[in-house]
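Structure first, commentary second.
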Amino acid sequence: MSDKRAIHKTLETILAPAGGGVHLVSTGLEETQELQRAIYGAASVQGIGTCWHRSIEKISESSIVLLGVPSDTGAGFVRGASQGPAGIRRALLDIPEHVAHGANVVDAGDVRVVPHLLSEEMVSEAQLRSTRAALYGDAASDLPVTPLDQCYLALELLRKLRPDIVPIVIGGDHSVGWPAFAVAHASTVARGLKVGLLHFDAHTDLLAERLGVRYCFATWAYHANELLGRDGRLVQVGIRASGKSRGHWESTLGVRQYWPEEYLVRPITDIVNEISERFEERGVDCLYISNDIDGTDREFATATGTPEDRGLRPEQVSELTLRLAERFPLVGADLVEVAPPLGIPEDAKTTLETACLYVADMITAAGSAR
Ligand SMILES: [Mn+2]
């Protein structure tokens with residue numbers, strides 16, 4: 001078997017067609033199959049597998065790939081982001097001419113999530129064997145069984161198929177920011193590039209660990225910043241719910257944060273220029289964007305675990321995303337913490353509209369510097 005075919009086969013083992021990463025037995029199964037049929041253009045439910053397989057084969061010819069991680073095991077006590085990937089794909093289908101359906105974009109599907117597991121380092125040998133048997137039919141398989149490590153491997157394989165592909169990871173809770181950024185970082189280092197990290201969030205996510213857990217929604221940015229050597233290439237915008245001051249984070253970890261005192265007052269073009277200059281001073285030549293929907297004001301993003309007032313307006317997020325990507329080519333992005341079940345249905349609709357706008361921006365950003 002050629003390398004490429006072996007990679008396709010592994011991807012088809014650890015992933016499922018979009019929407020299928022959530023394990024369903026009966027309830028919700030028909031709806032999911034309908035979504036998959038529409039996404040992959042299958043004439044019938046029986047044809048989904050073949051059409052998905054064709055999409056996997058198209059990855060090396062595509063410049064942008066979507067990957068869903070329907071897991072919220074890494075979140076706080078409010079869950080619901082596991083339904084983000086399916087919710088966002090459904091909302092995208094309601095916009096037939098959306099850029100997400102363009103010829104240069106392929107949907108690789110979802111990581112096959114076991115909703116009780118988070119990262120490989122938390123799993124016992126016995127659990128590893130029994131979950132490998134359940135997921136892959138082989139207790140002796142060497143494939144990962146937890147969403148964070150499956151996401152990591154899937155992204156590594158996607159980049160092997162095409163080193164300059166731009167993955168857009170759809171979460172899930174923000175713990176997926178760790179594998180998504182770590183693989184992008186490794187890939188830029190291998191290509192001699194220096195990546196800047198633009199992070200939209202109400203929270204800093206800068207804890208070294210939380211309740212003894214190394215990788216979760218509250219810690220991923222700390223570890224990302226360690227990869228960057230705390231050299232000021234992490235810029236956080238939308239921060240307004242933190243136990244510590246901006247000064248504390250900036251002086252201890254070398255990050256730059258924009259709180260409401262700045263982004264609700266200063267023209268957004270000033271902030272774009274300031275971040276641009278900051279990146280240039282540090283030799284940055286490409287960009288990764290991690291977008292936690294709670295960085296956006298709750299008026300536009302209520303269906304999330306921890307919505308907050310005084311957030312960014314969607315047009316500010318768009319301008320930062322698009323303008324910075326014109327200067328620094330996008331190498332990867334994630335959109336996380338969209339939780340359709342939270343709030344009233346109208347909340348979910350508004351939040352999904354905001355999410356669709358952000359996916360469109362990421363796709364446009366990925367194409368703009370090519
Ligand atoms: Mn976050």
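Here GLY212 fits the description: surrounded by fewer than 20 Cβ atoms within 10 Å (Cβ to Cβ), more than 19 Å from PRO329 (Cβ to Cβ) and at pLDDT 95 or above.
Among the residues that make up the range 133-148, is at least one of them modelled with pLDDT of 95 or more, surrounded by 14 or more Cβ atoms within 10 Å (Cβ to Cβ) and among the charged types (D, E, K, R)? The answer is no; no qualifying residue exists.
Kindly indicate which of ALA218, ALA202, ALA224 is open to solvent by less than 30 Å² (accessible area, probe 1.4 Å), touching a Lys or Arg at 6+ places or on another chain (Cβ under 6 Å), under 26 Å from MET122 (Cβ atoms) and within 13 Å of the ligand (Cβ to nearest atom). Walk me through how you get there before you give the answer.
Values: ALA202 fails: under 26 Å from MET122 (Cβ atoms); ALA224 fails: touching a Lys or Arg at 6+ places or on another chain (Cβ under 6 Å).
Criteria check complete, one pass: ALA218.
The residue of the range 227-240 that is nearest to ALA75 (Cα to Cα), among those that are surrounded by fewer than 19 Cβ atoms within 10 Å (Cβ to Cβ) and touching a helix residue (DSSP H, G or I) at 6+ places or on another chain (Cβ under 8 Å), is LEU227.
Would you mind finding the one in LEU193, LEU161, LEU153, LEU118 that is within 16 Å of the ligand (Cβ to nearest atom) and either farther than 30 Å from ARG327 by Cβ or modelled with pLDDT of 95 or more (or both)? Lay out the reasoning, then the answer.
Values: LEU193 fails: within 16 Å of the ligand (Cβ to nearest atom); LEU161 fails: within 16 Å of the ligand (Cβ to nearest atom); LEU153 fails: within 16 Å of the ligand (Cβ to nearest atom).
The conditions single out LEU118.
Would you mind finding the one in GLU346, GLU353, GLU326 that is open to solvent by 50 Å² or more (accessible area, probe 1.4 Å), closer than 28 Å to PRO267 by Cβ, in a helix (DSSP H, G or I) and without any contact (Cβ under 8 Å) to a residue 60 or more places away in the chain?
Numbers: GLU346 fails: closer than 28 Å to PRO267 by Cβ; GLU353 fails: without any contact (Cβ under 8 Å) to a residue 60 or more places away in the chain.
GLU326 is the lone residue from the list that is open to solvent by 50 Å² or more (accessible area, probe 1.4 Å), closer than 28 Å to PRO267 by Cβ, in a helix (DSSP H, G or I) and without any contact (Cβ under 8 Å) to a residue 60 or more places away in the chain.
Residues that are open to solvent by less than 30 Å² (accessible area, probe 1.4 Å) and polar (S, T, N, Q) within the range 99-120 comprise just one, SER119.
What number of residues within the range 257-298 satisfy the criterion of being within 24 Å of LEU357 (Cβ to Cβ), among the basic types (Lys, Arg) and either assigned to a strand (DSSP E or B) or touching a Gly at 6+ places or on another chain (Cβ under 9 Å) (or both)? Residues in the range 257-298 being within 24 Å of LEU357 (Cβ to Cβ), among the basic types (Lys, Arg) and either assigned to a strand (DSSP E or B) or touching a Gly at 6+ places or on another chain (Cβ under 9 Å) (or both): 1 in total.
So that you can scan it fast, the table gives a plain yes or no per residue for (1) in a helix (DSSP H, G or I); (2) aliphatic (A, V, I, L, M); (3) more than 25 Å from ARG89 (Cβ to Cβ):
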residue	(1), (2), (3)
LEU117	no, yes, no
LEU135	yes, yes, no
LEU143	no, yes, no
LEU148	yes, yes, no
LEU155	yes, yes, no
PRO167	no, no, no
GLY196	no, no, yes
HIS203	no, no, yes
LEU207	no, yes, yes
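Only one entry in VAL338, VAL359, VAL331 is crowded, with 23+ Cβ neighbours inside 10 Å, β-branched (Val, Ile, Thr), away from the ligand (no atom under 16 Å from the Cβ) and not in a helix (DSSP H, G or I), namely VAL331.
Under 6 Å between Cβ atoms, at least 6 apart or on separate chains: pull out the pairs that start in the range 184-208 with a residue that is in contact (Cβ under 8 Å) with a residue 12 or more places away in the chain and end on any residue that is polar (S, T, N, Q). Qualifying pairs under 6 Å: VAL195/THR188; HIS199/GLN236; HIS199/SER290; PHE200/ASN291; THR204/SER242; LEU207/THR219.
The values are calculated or read from the model by the stated rules, or taken from the named source; none is laboratory data. Since the structure is predicted, the reported quantities are computational estimates derived from the model, not experimental observations. Quick reminder, even Gly has a Cβ in these numbers, built from the backbone with ideal geometry, and neighbours come from all protein chains shown. Remember, those area values only see protein heavy atoms, side chains included, never the ligands or the DNA or RNA. Shrake-Rupley method; radii C 1.70, N 1.55, O 1.52, S 1.80 Å.
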